[in-house]
Amino acid sequence: MVRSITEDYYITILPVDNEVMKTYASLELNHSEDHKDPSDHIIISHAMTFRMPLISSDHKFLYYKRQGLELIYNEK
């Protein structure tokens with residue numbers, strides 16, 4: 001499956017390295033909207049660590065903009 005993602009779709013899978021984990025550990029979570037998804041938090045941490053814009057239609061991601069997330073919010 002990983003080979004298919006990288007070869008067929010030209011997607012680079014980023015490793016979860018120490019810098020991403022430092023960002024993850026310092027992330028203030030969105031408790032007001034009960035945002036408990038650790039996969040989302042890793043995606044957000046990657047974007048913040050590597051200063052990459054994140055495109056999402058998940059309204060819970062808006063909360064993380066004040067922490068430095070560059071979010072392009074895709075309204076449905």
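Close Cβ contacts (under 7 Å, 6 or more residues apart or on different chains) running from residues in region 51-76 that are within 19 Å of LYS36 (Cα to Cα) to residues that are loosely packed, with under 13 Cβ neighbours inside 10 Å and polar (S, T, N, Q) comprise SER56/ASN74; SER57/ASN74.
Residues that are more than 12 Å from the chain's Cα centre (by Cα) and part of a loop (DSSP other than H, G, I, E, B): does region 36-53 have at least one?
The answer is yes; a qualifying residue exists.
Counting the residues of region 15-35 that are part of a helix (DSSP H, G or I) and exposed (fewer than 14 other Cβ atoms within 10 Å of the Cβ) gives 9.
Being outside any helix (DSSP H, G or I) and among the polar types (S, T, N, Q) is the requirement here; does THR12 meet it? Yes, satisfied.
No value in this document is a laboratory result; all are computed from the given coordinates. Remember, predicted model here, so these are calculated numbers, not experimental data. Heads up, the Cβs are rebuilt from the backbone with ideal geometry, glycines too, and the neighbour counts pull from every protein chain shown.
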